[in-house]
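Values quoted throughout were computed directly from the atomic coordinates according to the rules given, and no laboratory measurement underlies them. Because the structure is a prediction, the values reported are computed rather than measured. Using ideal geometry, Cβ is built from the backbone for each residue, glycine included, and neighbour counts are taken over all protein chains shown.
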Amino acid sequence: MSFNILIVDDSFVSRAVLRKSIEMADPSVDTIFEVSNGRQALKFLESHPVDMILDDLNIPEMNEQEMICQILMRPDTAHIPIVIISAETGEQRVNALRSRGICHYIQKPINPEKIKIVLSKVRNLCWADKK
């Protein structure tokens, strides 16, 4: 079963670290797509199916709350699990995002072990929904 991931982060370096961590954590991930802001993510999702979105908490052109809201409102994308990645530790902000629909939060720094745990949880959710 294929599994495709979209990374949304304005930092090239952060995207590269995240990509490498995904590749090390789960070599069976089929495709890792990258965009640098929320507007690009929404446009990308119009024509590319993905199974999970890894989103940096602070992205330009459209904040993560707007992007998440638009993704969850669209019938063709509402099912996609969204994982927020950030160095922020504010429990209040994380809880607010969870109440808006994110499925996981990963605190930076990123490493393959953290990614592997989240990938496993999200894959189990996706496969359970498809059964």
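With a 10 Å Cβ neighbour count serving as the proxy for reagent exposure, in which order, fewest first, do VAL8, VAL122, VAL94 appear? Each step should come with its number before you reach the end.
Values: VAL8 26, VAL122 22, VAL94 17.
Going from least to most buried by this count: VAL94, VAL122, VAL8.
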Residues listed by number, region 4-39, amide nitrogen under 12 Å from SER120 label point at 7 Å toward C-beta: 26
With 10 Å bins from zero, work out the P(r) of region 4-126 over every alpha carbon pair and list the percent per bin. 13, 51, 33, 2
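Only counting other Cβ atoms within 10 Å, I'd like VAL17, VAL50 sorted with the fewest neighbours first.
Numbers: VAL17 16, VAL50 20.
Placing the least packed residue first, the sequence is VAL17, VAL50.
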When only C-alpha pairs under 8 Å and at least 6 residues apart count, what is the relative contact order of region 4-126, in percent? 27
With point charges of +1 on the Cβ of Lys and Arg and -1 on the Cβ of Asp and Glu, referenced to the Cα centre of the chain, which listed residue (PHE12, ALA25, LEU54) lies farthest in the positive direction of the dipole? ALA25
Cβ-placed point charges (K, R +1; D, E -1), dipole of region 4-126 about Cα centre in debye, nearest 20: 260
How would ILE117, ILE59, ILE32 line up from fewest to most surrounding beta-carbon atoms within 10 angstrom? ILE117, ILE32, ILE59
Pairwise label distance in nanometres, ASP76 with HIS48, each label 7 Å out on the Cα-Cβ vector: 1.5
Globularity ratio of region 1-62, using Cα Rg and 2.2 N^0.38 Å: 1.07
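At 222 nm, what value in deg cm²/dmol follows for the chain if DSSP H runs of at least 4 each add -39500 (n - 2.57) and the sum is divided by all its residues, to the nearest 500?
Numbers: 5 runs with 61 residues, N = 131.
Result for the chain: -14500 deg cm²/dmol, rounded to the nearest 500.
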